[in-house]
Amino acid sequence: MRTLKSRQMRPLLILWSVLLPLFGQEQPIRYTLRFPAPHTHYVEVEALIPSGGQPQVELMMAVWTPGSYLVREYAKDVEALTARTEAGAPLAVEKRAKNRWRVTTAGQPRITVQYRVYCHTMSVQGAWVDSSFAVLNGAPVFLTLAGGQTRPHEVRLELPPGWKTSISGLQAASSAPHHYRAADFDTLVDSPILAGNPAIYEFEVGGKKHYLVNEGEGGVWDGPRSARDVEKIVREHFRMWGSLPYDKYVFLNVISEASGGLEHKNSTLLMTTRWATRTRAAYRRWLSLVSHEYFHTWNVKRLRPVELGPFNYEAENYTRSLWISEGFTSYYAPLALHRAGLIRRDEFLEEISQLIRTLQTTPGRLSQPLELSSFDSWIKQYRPNENSPNTAISYYTKGAVVGLLLDARIRKNTQGARSLDDVMRLAYERFSGARGFTPLEFRETAAEYGGPGLKEWFAKVLETTEELDYSDLLEWFGLRFQPEEAAKPEGRPQTVKAWTGLVTRVDEGRLLVSQVRRGTPGYDAGFNVDDEILAIDDYRVRPNAWASWMEYYRPGDKVSVLIARRGKLMRLEIVLGKEPADRWKLEADPQATEAQKARLEAWLSAS
């Protein structure tokens with residue numbers, strides 16, 4: 001076969017390199033967002049949609065947003081959807097499903113679709129618009145072409161008078177302000193936009209720009225302090241992972257009296273109270289939230305379960321690995337704060353103790369295995385009811401405790417040469433590409449450092465409801481669970497309170513049962529949720545006096561409780577128990593050896 005010489009080929013290659021992007025590049029969907037009356041909580045969306053000359057196109061809206069495993073039915077807030085040609089001729093629109101619309105295009109290469117979205121959900125998964133600012137997540141705002149998620153999407157905002165700023169993790173689409181471009185629908189959904197007049201703090205780590213965007217400081221929130229501490233968090237996670245996998249990163253901090261956080265690939269959306277910088281406990285919670293969501297930059301946004309991408313935005317995306325994605329992140333969030341110098345050692349140990357305490361006092365740990373907790377997140381984690389503590393366990397909580405125990409086990413089996421840090425970095429190196437990891441692949445990766453018996457250990461902690469073994473944690477680091485006697489004030493007799501195990505609430509002046517946990521005296525006596533407690537042994541109990549009444553009785557006392565159940569009076573006999581002691585408070589063992597103390601220091605300082 002005759003071939004062309006390289007000098008003859010060069011012009012053809014240049015021409016092909018120019019033409020190929022033109023032929024291969026899909027035309028973008030272009031959105032314009034307007035806020036003609038922001039106090040009514042609406043955003044008006046105009047979308048110029050390429051139809052390719054097809055007689056009909058199908059439009060789709062996501063029913064959920066990645067990172068929050070619950071079908072939220074965003075289409076419920078869409079109204080007044082119409083379509084027209086570029087010349088202005090109306091086009092027929094037919095609603096085909098709860099989140100789909102079919103538009104007849106009349107053969108036009110592009111069509112214009114208009115609709116309004118009611119934005120009054122102050123949550124990190126929703127959309128919010130009011131007279132002072134807007135927070136727009138992609139899933140509840142943007143329709144797209146069904147099956148067209150790979151094409152680029154552009155967004156231009158027309159801000160109301162008085163709003164000066166919009167900011168997002170999205171790239172700028174042009175030099176014009178408030179104009180953004182997403183390479184595909186995944187990126188659009190993964191990049192919330194904040195518009196208004198926020199305070200913006202900029203800092204640089206690893207040669208990359210970072211922005212803390214505080215909406216709603218109001219003269220109360222300490223912006224400079226929060227920016228300094230966020231920078232410390234970034235530096236610590238950078239140290240652990242060894243790289244920053246983005247060009248810029250944006251912390252969108254909405255100070256709105258709401259709560260929560262949601263991770264994105266190069267940004268996070270946080271919600272908090274304006275008073276959080278006023279008390280150490282509240283500020284620690286906010287710092288932990290920042291640390292948690294930022295850790296997701298690596299663990300879940302890039303190092304992810306294979307099931308979480310490409311996303312099906314119209315149905316559940318099941319995975320058994322959220323104990324890694326969320327649980328390990330919940331372990332590392334406070335650990336990073338301590339390593340960064342933002343919380344004391346006793347505060348970190350209390351954070352870990354609370355995770356263990358929550359797990360070990362939740363009856364559901366004996367009913368639901370950890371992997372199943374992840375798989376069932378769509379129907380259980382975000383839809384709890386009064387019986388959930390009896391039947392389920394959070395993959396956040398137990399996953400964090402499993403991460404803690406795995407870290408201790410790896411360190412013990414390698415005599416301190418390796419840790420969970422090394423496993424996470426190795427897994428990131430192998431699986432942070434396009435595909436993600438399977439449950440087996442992650443277990444096998446951990447086993448390379450975890451030593452003998454890790455396969456069986458994983459099977460026990462992930463697939464069964466057997467109690468966890470804390471011996472490696474305690475022995476390797478020289479820790480212990482605080483003895484019950486140590487919690488008693490010196491020189492004072494300890495009053496042993498009676499205990500029912502009931503969780504109660506006061507509602508419109510009535511004392512109601514809100515939870516009945518298994519294995520408690522109240523459960524054995526037959527109490528139901530929503531029972532109204534009226535009296536003990538024929539003596540009226542005021543709603544605000546229920547807790548103090550338990551001080552008048554002793555464990556073993558048998559009492560008759562008058563209740564109203566659905567309006568009917570009845571009596572329940574209950575044998576009061578002993579209020580359980582806090583068995584799960586970690587502290588340094590006074591008998592710890594110098595080697596154990598050194599290992600504790602190495603863990604907490606990452607030295």
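Roughly how many debye, to the nearest 20, is the charge dipole of the range 277-420 about its Cα centre, given +1 on each Lys and Arg Cβ, -1 on each Asp and Glu Cβ, and no other charges?
Magnitude of the dipole: close to 600 debye.
Projecting the Cα positions of V129, H41, Q54 onto the charge dipole of the range 28-197 (unit charges on Cβ atoms of Lys, Arg, Asp and Glu, taken about the Cα centre) puts Q54 furthest along the positive direction.
Taking the longest Cα principal axis of the chain as reference, the axis of helix 454-463 is set at about 90 degrees. Of the trypsin sites (Lys or Arg not before Pro) found in the range 393-465, those in coil by DSSP whose Cβ has at most 13 other Cβ atoms within 10 Å are R435.
About the centre of its Cα atoms, the chain shows a dipole size close to 1220 debye [charges on the beta carbon of Lys, Arg (+1) and Asp, Glu (-1) only; nearest 20 debye]. Over 29 Å apart at the Cα level, from the set K209/K398; K398/K558; K301/K380, are K209/K398; K398/K558. Pairwise Cα distances in the range 258-416 exceed 22 Å in 47 percent of cases. Among M61, M570, the order by Cβ neighbours within 10 angstrom, fewest to most, reads M570, M61. Backbone phi angles across the range 275-284, fed through the Karplus curve with coefficients 6.51, -1.76 and 1.60 (θ = phi - 60°), yield HN-Hα couplings of 8, 4, 7, 8, 10, 5, 4, 5, 5, 4 Hz in residue order; Gly and Pro are listed as x.
In the chain, if the dipole is taken from +1 on Lys/Arg beta carbons and -1 on Asp/Glu beta carbons about the Cα centre, which of T391, A447, L534 is farthest to the positive end? Final value for the positive-end residue is A447.
What the phi angles of the range 586-602 give under the Karplus curve with 6.51, -1.76 and 1.60, with θ = phi - 60°, is a coupling list of 7, 8, 5, 6, x, 9, 4, 7, 5, 5, 5, 4, 5, 5, 4, 5, 5 Hz, glycine and proline written as x. Taking a ≥ b ≥ c as the square roots of the Cα gyration tensor eigenvalues, the range 498-578 comes out rounded, since a/c falls below 1.5. Taking trypsin sites (Lys or Arg not before Pro) across the range 36-98, the ones in a DSSP loop with at most 15 further Cβ atoms lying within 10 angstrom of their Cβ are K98.
The alpha-carbon atoms of the range 28-197 define a convex hull whose volume equals 113 cubic angstrom per residue. Please enumerate, by chain and number, the lysines with C-alpha under 17 Å from the C-alpha of K597, excluding those fewer than 8 residues away in the same chain. K597 reaches K412. Normalising the average separation of contacting C-alpha pairs (under 8 angstrom, six or more residues apart) by the number of residues puts the relative contact order of the range 71-124 at 41 percent. Computed from phi, the 3J(HN,Hα) profile of the range 98-104 under the Karplus parametrisation 6.51, -1.76, 1.60 (θ = phi - 60°) reads 4, 10, 9, 9, 10, 10, 7 Hz, with x in place of Gly and Pro. Overall, the range 28-197 carries a charge dipole of about 220 debye about its Cα centre when +1 sits on the Cβ of Lys and Arg and -1 on the Cβ of Asp and Glu, all other atoms neutral. Restricting the calculation to alpha carbons of the range 322-481 gives Rg and Dmax of 15.6, 45 angstrom.
Pull up the DSSP beta bridges for the range 205-297 and report the antiparallel fraction as a percent, rounded to 5.
On the way: 5 of 18 bridges.
Bridges in the range 205-297 are about 30 percent antiparallel.
Across all directions, the average flat footprint of the convex hull enclosing the Cα atoms of the range 205-297 is 5.3 nm².
Principal-axis analysis of the Cα atoms of the chain puts helix 329-339 at an angle of about 80° to the longest axis. Counting Lys and Arg as +1 and Asp and Glu as -1 over every other residue whose Cβ lies under 11 Å from the Cβ of E448, the net charge comes to +1. Taking all Cα pairs closer than 8 Å and separated by 6 or more residues, the relative contact order of the chain comes to 9 percent. Taking other residues whose beta carbon is less than 9 angstrom from the beta carbon of R339, and scoring Lys, Arg as +1 and Asp, Glu as -1, yields 0. Against the chain, whose longest principal axis comes from its Cα atoms, helix 439-450 is set at around 60 degrees. Taking the helices alone, the chain has a mean residue ellipticity at 222 nm of -9000 deg cm²/dmol, built from -39,500 (n - 2.57) per DSSP H run of at least 4 residues and averaged over all its residues.
Choose one of Q171, A545, V63: the residue whose Cα lies farthest towards the positive end of the charge dipole of the chain (beta-carbon charges +1 Lys, Arg; -1 Asp, Glu; about the Cα centre). Of the candidates, Q171 comes out farthest on the positive side. Loop-located trypsin sites (Lys or Arg not before Pro) across the range 535-607 with a Cβ neighbour count of 15 or fewer within 10 Å are R566, R583, with loop assigned by DSSP. Which label belongs to the value computed from this structure, given these candidates for Rg/Rh (Cα atoms, Kirkwood Rh): (i) 1.11; (ii) 1.03; (iii) 0.96? Correct label is (ii).
No value in this document is a laboratory result; all are computed from the given coordinates. All figures in this text were calculated on a predicted structure; none of them were measured in a lab. Note that we place each Cβ from the backbone using ideal geometry, even for glycine, and neighbour counts take in every protein chain shown.
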